[in-house]
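Participant: Sharing a structure, written as structure tokens. Questions coming.
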Amino acid sequence: MESEETATTTSAPLRAPSETPVPDQDGSEPPTSSTRAWTTRLVVLGIVLTALNLRPAITSLGALLEEVRTGLGMSGSVAGLLTSVPPLCFAVFGVMAPRLARQFGPAAVVCAGMAAIAAGLLIRPYAGGTAGFVAASALALMGIAVSNVLMPVIVKRWFPDRVGSMTGLYSMALALGTSSAAAVTVPMTEALGGSWRTGLAVWALLAGAAVVPWLPLLRDRDRDTRAADRSGGAPGPAREAAPALRITRSRTAWALAVFFGLQATAAYITMGWMAQIFRDAGVPAGTAGLLLAVTMVMGVPLAFVIPRLATRLPRQGPIVVALGVCGLLGYGGLYLAPAEGAWAWAVLIGIANCSFPLALTMVGMRARTGAGVVQLSAFAQSTGYLISIPGPLLVGVLYQHSGGWGLPLVLMAALMLPQIAAGVLAGRDRVVEDEAAR
């Protein structure tokens, strides 16, 4: 697969090893093979550290939601609104990512995103009151949103012949960060003195570490921009800007957006409420956090396997169906025997939540060009997160007014059916460029 230069990104592509270094007109040398190798390692490290930080802001809150509700005086409906904030921020801020990437380069945007996560996580426990908590959470979620959209773009750009394996690595790191936050937040909070504020704020350290690998890559963008200015064209070997797609004409893009939105609905309901479901069933708080961690940790091995398998299949529908069936079984088990079969239901729902790396992989597969991936990623994720906003809020309202988890679990199981249908349509062997051109 040839490397595609996107119309919306400006970070420097890797030069082929056979190229002879030619000094820039300003006297600086192009990257040597040694520099290229280190740059590639930095990109990989940046991708992994970024992925580790894309969910702890959410799952750490889910593990301590009861303590946060008590500390801030939230009702169940307000807590449901709080669990709807992540998809809302992802939809609103994610659509800005392509424009920001065009102006500053994807590495700079992701670097700023990690800094925003660190600042938001550090501020929110001490902001005072629900409004301050939500505002600081929104700052962190803004950083997550732009990074969500640009990760498939960075993978496609830097590793065009390894989309499946690099998406798997990124998804595996994301699942590891998600599950780690769910598993260790409660015991870490207790070890640090028992304050939920400290237990939430400590995750800012991990986000701060993720800023570092992207800083040297900003210089690569500057070098590439100078080369583009001298040549009068786009940076890198491919200088023709691809025209913008009318992405809304593509049925595959809409199917992928719906699939993304419904799997995000399930994921954020799980991250926001699953620990509480187990606690209400009589499971101790520490064990409930571990069960949530088991659900999230299922994505660590499967997030590496599923993208690689998906890229080897012309259609991804069978994988969609298999994951959906696991979700139906898991929600059914939670409805019938939440405490007795808790570990089994956690595993099944964890498998079902691996629809996320599958959706990311299909974003890379359903577009022919790098520019197409940027547009499809922004459209599918922003539209998908808009679709997912009502889910966690509705679960909170149903929980408060019904006094139990029966109705919310019926809703969660029912949403699996259109998710399967949309995923089968999105998994067909076609690309959005062809559909948008018709």
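Please treat every number below as a calculation from the coordinates, not as lab data. Only a predicted model underlies this, so the values are computations on that prediction, with no experimental measurement involved. In this analysis, Cβ positions are derived from the backbone assuming ideal geometry, glycine residues included, and neighbour counts consider all displayed protein chains.
Participant: Sorted by average packing, counted as other Cβ atoms within 10 angstrom per residue and highest first, what order do 285-292, 340-347 take? Could the numbers behind the result be given before it?
Facilitator: On the way: 285-292: 22.6, 340-347: 18.0.
Ranking, from highest mean packing down: 285-292, 340-347.
Participant: Quick one: which of 91-99, 423-431 comes out on top by average Cβ neighbours within 10 Å, and what's the full order, highest first? All intermediate terms of the calculation are to be shown ahead of the outcome.
Facilitator: Working: 91-99: 21.2, 423-431: 19.6.
For the peptides 91-99, 423-431, the packing ranking is 91-99, 423-431.
Participant: Next question, about the same structure. What is the P(r) of the stretch 106-157, as percent of Cα-Cα pairs per 5 Å bin from 0?
Facilitator: Per 5 Å bin, starting at 0, the Cα pair percentages come out as 5, 25, 24, 17, 13, 8, 5, 2, 0.
Participant: Right, something else. Taking R0 as 56 Å, what FRET efficiency do you get between Arg368 and Ala127 from their Cβ-Cβ distance, rounded to the nearest 0.05? Don't skip to the end; give the middle numbers.
Facilitator: Values: r = 45 Å, r/R0 = 0.81.
So the FRET efficiency works out to roughly 0.80.
Participant: Separate question: Once the principal axes of the Cα atoms of the stretch 296-374 are found, what is the range along each, listed largest first in whole angstroms?
Facilitator: Rounded to whole Å, the extents work out to 49, 21, 20 Å.
Participant: Remind me, relative contact order of the stretch 93-220 in percent, using alpha carbon pairs under 8 angstrom and six or more residues apart? Walk me through the numbers before you get to the answer.
Facilitator: Working: 135 pairs, mean separation 48.5, N = 128.
Taking the mean separation of contacting Cα pairs over the length of the stretch 93-220, I get 38 percent.
Participant: Right, another one. Run the simple label-point estimate for Arg249 and His401 please: 7 Å along Cα→C-beta, distance reported in nm.
Facilitator: Once both label points are built, they end up 4.3 nm from each other.
Participant: Rank-order 363-372, 408-417, 162-171 by packing density, defined as the average count of other C-beta atoms within 10 Å over each peptide's residues, highest first. Could you put the intermediate results ahead of the total?
Facilitator: Values: 363-372: 24.2, 408-417: 18.6, 162-171: 22.6.
Highest-to-lowest ranking by the protection proxy: 363-372, 162-171, 408-417.
Participant: From the square roots a ≥ b ≥ c of the eigenvalues of the alpha-carbon gyration tensor of the stretch 56-160, which class results: rounded (a/c under 1.5), prolate (a/b over b/c), or oblate? Present the calculation step by step, with values, prior to reporting the outcome.
Facilitator: Working: a/c = 2.61, a/b = 2.34, b/c = 1.11.
Cα axes put the stretch 56-160 in the prolate bin.
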